[in-house]
Every structure is written in C-alpha cells, then in structure tokens.
Amino acid sequence: MKKFVVSIIVPCYNQGQYLSRALESVLNQSFKHWECIIINDGSSDDTEEIAKEWLEKDVRFKYISQANRGLSNARNVGINNSTGNYIQFLDADDCLNPEKLRKSFLEIKDQLIHNIIITDFKMFKENTHDELSSYCELSQKNLSYNEILYGWDFKFNIPIHCGLFSASLFQNFRFPEILKAKEDWIMWLTFFQKDISPVFVDEILVYYRLHDKSMTKDFEHMIDNTIKALVYLESVISEKDYKSYLLYNIRRRMSDSENLRSKIERLRERLISSNNSIGYRIEKKMRNLFKRF
C-alpha cells in the first residue's frame, strides 16, 4: 500500500469545539501514508489555536488560514495544496473510523481499477458509540449516474467523507463556489458522467454528526440553495438530461403535494366527526393551509 498517499482535506469554520476529535480520527488511521490539510476559513473561535496544537503532534498535519470564502472555496484550497494520489474529505465536525483508509484500499488491486471507493456511514450527536439511524441506506446500486441524478435527496445522498477519490478526478474539477449547498451533488454528477469504476464497501467507516438546527431557517436555506443548484446544474449535464430531470422533479413535487393534501383532508374529516365545534375551527385553518398548495 506504500504507493498510495492520501490527502485528507479538513475545512473548518467556527467548529473549533469539534476539530480535535476529527483530527484525532485522522491520526488514529491504521493506514499511515497520509497528509492532513486543515483549512481555517476565517473562523472567529479557537480553531487556529487547536489546529496549531495538532501541527506540533504530527508533521503530517498542515495548516492554511484564510478569510472566510465558504466551504467550496476551502475544499478547493485543500485540493490545490494536496500532494497525495488519493483525496479524502472530512468536515471538521465529523469523524473517520480508524480503518477507513486501509479497508478502502483493500478494494484496489490495481490503481486504475477503482477510482472512487465509497463506504457506509452512521449518524451521531455527541458520541460516535451512540449511533443514530441513518437517513438512507447506501449500496452498490446507488453508484450510477442515473441514480445520483434522479434519486438524490428523494431516495438517498452520499456524505462526501464516505468517498475516497483518485486525485486524477480533480484535474478538471473544482467545487462551484457560487453554491452554498448541494455542491457535493454537483461533484458526484460530474464524476459519474465519466468512465469511472466506483465500488461500495458495505461497512460503517465514517460518522456524520447530526446538529440541532432551526427548522425554519434550515428550510429557507435549503429552498434558496436548491434553486441555485438547479440553475447551475444546466452547465453540468446534457440538455436532454437537464430537461428530463426538471420534468421528473416537477412530477415528484406535485405527487408529494397531492399526498400531503390527501393526508390533511383525511385528518380534517376525522377531527370534524369527533368534535363538531373544535372541528369547525380546525377546518377553517385547514382551508387556509390548502390555499398554499
């Protein structure tokens, strides 16, 4: 395995409280041929102090500090400064299993056979031993262009640190810095349009931290950035696929809306039949809700 060197790219923006744990999961890798590039993206917390502590622990840690330019830019800076022939992304609040790199490389018999190795993941809140149910189940069947185009977010998505990527894939790709979300979807679509040989390792080797967020704020952020991603998507895939995806998306959203309307109607009928007085007041609220669809 000595011919493989992994560049582990860790962007960090005001996540100093989690950074040491992420970097410890890097240091604990059983595969030893790695470099870890920490990009401080304009943090105002103790990210810099913590990062510099890790520079003293191991010479394989490298540190770059810059003004805040966003996650995509920070990842791009990491790519630009990497020297490995494989790339592993790791967000500062997530963790790798100690066997992540070694077991990924076991799938490679020849450096040209598999240029993306994807492992399974689990979600956690504070302790990686206190695992939560994942929001989707990954398998080899997900690893195709059509699955990623049409199934993303509806059926599944792939946390970026599940992947171990051949550095050659990034010769002509950088993350779109105008996007604040779904930039990883754009990356997967770009790669899966190429002649690649992805392989899935059915073992939990990465941990994805679940944060408590404001649902309203998160939803508004998602809508705004989904629209931006859909606009950007036109430059990534063929015109035929773009039109096909938009039609599919519209049909899917309409179906979801109709299902929701049906559920609300059934709930309204049950409430009215159980209590006419309360039901009448709720019915008025339901009618107002219907007007939104």
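Values quoted throughout were computed directly from the atomic coordinates according to the rules given, and no laboratory measurement underlies them. In this text the structure is predicted, and so the values were computed from the model without any measurement. Every residue, glycine among them, receives a Cβ derived from its backbone with ideal geometry; neighbour counts consider all protein chains shown.
In the distance distribution for region 6-211, Cα-Cα pairs more than 28 Å apart total 21 percent.
For 33, 221, 211, the sequence from fewest to most other C-beta atoms within 10 Å is 211, 221, 33. By the beta-carbon count within 10 Å of each Cβ, the least crowded to most crowded order of 240, 125, fewest first, is 240, 125.
With a Förster radius of 51 Å applied to the beta-carbon distance between residue 126 and residue 173, the computed FRET efficiency rounds to 0.90.
Would you mind checking the pairs 57/194; 57/182; 100/141; 155/194; 125/155 and listing those with alpha carbons more than 31 angstrom apart? Listed pairs above 31 Å: 57/194; 57/182. For the listed peptides 155-167, 77-89, a ranking on the average number of other beta carbons within 10 Å per residue, highest first, reads 155-167, 77-89. Simple spin-label estimate for residue 247 and residue 137 gives 3.2 nm between the two label positions (7 Å along the Cα-to-Cβ direction from each Cα).
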